[in-house]
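S.K.: So that we are looking at the same thing, I have put the structure below in structure tokens.
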Amino acid sequence: MNELLTMLACATILLALGLTTACEEKRNDVVGRSDWNPSTQGIIGTPQPQGTYRPVWHLDTRLVPNREEMARILAVAKEFNARTYVFLAICSHTGLRLCEVMHIKSSDVADNKLCVTRRKKRVLQESIIEVPNSLWPLLKEWSDSYDDYLFPGNAKPCVIRRSKKGVKLADEYACQGGHTSLRVIQRDWAIIVAEAGLRKRGRGIHQTRHYFGTQFYNATRDIRATQEALAHSNMEMTARYAHVVDMKEKVNKVQGLL
């Protein structure tokens, strides 16, 4: 009996070693070299060597709604419920991030301007943004109906975990809770997009921000103003919106034969 258990243990060890070797060989074959970077190939937890390739984020235009599609989404949202309709209207007309919209209070709305709390360089800061004339009447009417958050809910306090050089620092509380949650808004978005017949894999509610960015640059052709409107800390991030719009215009300028 002991000999049988010993043989089984040895077989298990040999099998594990064989699988490890096979995985290493397969991993090297993926890119044809032994310095394969696992962190860019889907293996999580392996440190990435310095100087290696980092995948670059790109704007997938197949997922960004155009004006007609966004109008259809808002029309369906208006029939769905007023809260989600106003929330999506703010997102698509200002380009604010979801967390920024969720934390808007009635006291933040005044004189065609909106005071939003943004995280810049890991620090929470208040910013004043201009509200489009097309959005202001709806936003003002909605804010007059509430004394605190424009979108109340049962969300817990928002906590920012901080650390420096591996040392954990004191947590920073962004709010005390009481606003709607991201999960609720995402759920409503999925239902609305499906009812509008515009559901696509990967088309999340963050596409409202991409929609605003492309529409803003298309109307102004001012990349610096677009960066400021989207509160991008890096111009390279904003340049992706400009590249999509400019490339589409240049392609359409090429005379076809059909």
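S.K.: Scan segment 218-246 for residues that are of a type in the set (Ser, Thr, Tyr) and either more than 20 Å from the chain's Cα centre (by Cα) or under 18 Å from Ile90 (Cα atoms) (or both) and jot them down.
M.R.: First, the residues of segment 218-246 that are of a type in the set (Ser, Thr, Tyr): 220, 226, 233, 238, 241.
Of everything in segment 218-246, those that are of a type in the set (Ser, Thr, Tyr) and either more than 20 Å from the chain's Cα centre (by Cα) or under 18 Å from Ile90 (Cα atoms) (or both) turn out to be Thr220, Thr226.
Results for (1) touching a helix residue (DSSP H, G or I) at 6+ places or on another chain (Cβ under 9 Å); (2) at pLDDT 95 or above; (3) assigned to a loop (DSSP other than H, G, I, E, B); (4) not hydroxyl-bearing (Ser, Thr, Tyr), shown as yes or no for each residue.
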{"position": "Asp147", "(1), (2), (3), (4)": "yes, no, yes, yes"}
{"position": "Gln227", "(1), (2), (3), (4)": "yes, no, no, yes"}
{"position": "Thr238", "(1), (2), (3), (4)": "yes, no, no, no"}
{"position": "Ala242", "(1), (2), (3), (4)": "yes, no, no, yes"}
{"position": "Gln255", "(1), (2), (3), (4)": "no, no, yes, yes"}
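S.K.: Does Asn154 satisfy the condition of being assigned to a loop (DSSP other than H, G, I, E, B) and surrounded by fewer than 15 Cβ atoms within 10 Å (Cβ to Cβ)?
M.R.: yes
For every residue, the table says whether it meets (1) buried (at least 17 other Cβ atoms within 10 Å of the Cβ); (2) without any contact (Cβ under 8 Å) to a residue 40 or more places away in the chain; (3) touching a Lys or Arg at 6+ places or on another chain (Cβ under 8 Å).
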| position | (1), (2), (3) |
| --- | --- |
| Gly166 | no, yes, no |
| His179 | yes, no, no |
| Ile191 | no, no, no |
| Arg199 | no, yes, no |
| Arg209 | yes, no, yes |
| Phe216 | yes, no, no |
| Asp246 | no, yes, no |
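S.K.: Of all residues in segment 176-205, count the ones that are in a loop (DSSP other than H, G, I, E, B) and touching a helix residue (DSSP H, G or I) at 6+ places or on another chain (Cβ under 9 Å).
M.R.: Step one: filter segment 176-205 for residues in a loop (DSSP other than H, G, I, E, B), giving 176-178, 180-181, 196-205.
Still in the running and touching a helix residue (DSSP H, G or I) at 6+ places or on another chain (Cβ under 9 Å): 180-181, 196-200, 203-205.
Of the residues in segment 176-205, 10 are in a loop (DSSP other than H, G, I, E, B) and touching a helix residue (DSSP H, G or I) at 6+ places or on another chain (Cβ under 9 Å).
S.K.: Further question: Examine segment 63-76 for a residue that is at pLDDT 95 or above, exposed (fewer than 12 other Cβ atoms within 10 Å of the Cβ), under 25 Å from Ser181 (Cβ atoms) and not aliphatic (A, V, I, L, M), and state whether such a residue exists.
M.R.: The answer is no, given that none of the residues of segment 63-76 is at pLDDT 95 or above, exposed (fewer than 12 other Cβ atoms within 10 Å of the Cβ), under 25 Å from Ser181 (Cβ atoms) and not aliphatic (A, V, I, L, M).
S.K.: When you scan segment 81-102, how many residues do you find that are surrounded by 18 or more Cβ atoms within 10 Å (Cβ to Cβ) and farther than 20 Å from Gly213 by Cα?
M.R.: 2
The values are calculated or read from the model by the stated rules, or taken from the named source; none is laboratory data. Quantities reported herein were computed from a predicted structural model and do not represent experimental measurements. Positions of Cβ are backbone-derived with ideal geometry, glycine not excepted, and every protein chain shown enters the neighbour counts.
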